[in-house]
Amino acid sequence: MTQYYYIASSRELPTGSFGLNKTVMTIRDYIEKVNPSAKDQIVMQALLEKDPEGDQLMDIYETELDAAGLYVAGPMKSVDVSCPFRQPYIYQVDPDGGSFEMNDEKKLSSPEYYQCSRKCITELFEYMGRHLEIGEELELYSCTAYGCERFSDLPNQDDLVIDLSTFQLGDNFKWKERQLIRIRK
């Protein structure tokens with residue numbers, strides 16, 4: 001059982017990672033300039049066995065918040081007929097390093113995770129704002145998959161419409177299971 005998140009659009013959207021704050025360097029530079037003790041770690045030793053010169057590139061994040069963001073993949077090639085979308089281009093989106101939920105309880109119990117989740121949600125809305133034209137609409141949907149059947153359960157009746165021109169992200173947000181959210185600009 002896996003939770004999936006989707007964006008549907010009337011046209012193709014950019015894919016990849018968004019919002020990450022990383023430095024890219026070689027393994028050798030990382031060991032020599034950033035973390036000399038890393039050469040004694042098992043994972044680094046395994047990497048150096050494969051690349052003794054240490055020329056392989058690696059991503060470096062200074063904090064967990066730097067590693068948090070949004071990942072967009074797609075568009076999906078085949079979609080179940082029970083899919084709730086009206087838009088033809090369907091992308092899977094994932095929160096990297098956080099979630100698409102933030103609330104007061106998480107803010108108090110795990111402030112760093114709350115901040116990472118806030119960043120994931122902010123990146124989602126910024127992504128939509130950058131790639132949505134005035135008058136267009138995107139659809140968001142979340143569902144749990146049991147094997148290959150992703151859209152077997154009907155959407156709940158808790159639909160939501162968000163106008164990006166007036167939307168302000170507060171301290172609480174949740175992209176609910178089987179909730180169809182329409183995003184307009």
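Largest first, the residues T166, T2 sort by 1.4 Å accessible area into T166, T2.
The fraction of accessible area contributed by carbon and sulfur in the chain is 49 percent, rounded to a whole number (1.4 Å probe; ligands and nucleic acids excluded).
Set the bar at 27 Å for Cα to Cα. Now go through K106/K176; K107/K176; K33/K119; K119/K176; K22/K50 and name every pair that lies beyond it. Listed pairs above 27 Å: K33/K119.
Treating each Cα of the chain as an identical point scatterer and ignoring solvent, apply the Debye formula and state log10 I(q)/I(0) at q = 0.09, 0.19 Å⁻¹. The calculated log intensity ratios at q = 0.09, 0.19 Å⁻¹ are -0.42, -1.24.
Projecting label points 7 angstrom from Cα along Cα→Cβ for Y61 and R130 puts them 1.7 nm apart. When both region 7-60 and region 112-145 are represented by their alpha-carbon centers, they are found 26 Å apart.
Summed over the residues of region 1-68 and divided among them, the accessible surface reaches 65 Å² per residue at a probe radius of 1.4 Å.
Applying 1/(1 + (r/R0)^6) with R0 = 25 Å to the Cβ-Cβ distance of D163 and N21 gives a FRET efficiency near 0.30.
With an a/c value of 1.5 or above and a/b larger than b/c for the gyration tensor axes a ≥ b ≥ c computed over the alpha-carbon atoms, region 1-97 is described as prolate.
The values are calculated or read from the model by the stated rules, or taken from the named source; none is laboratory data. Since the model is a prediction, treat every value here as computed from it, not as a measurement. Positions of Cβ are backbone-derived with ideal geometry, glycine not excepted, and every protein chain shown enters the neighbour counts. We work out accessible area using only protein heavy atoms, side chains counted, and drop any ligands, DNA or RNA first. Shrake-Rupley method; radii C 1.70, N 1.55, O 1.52, S 1.80 Å.
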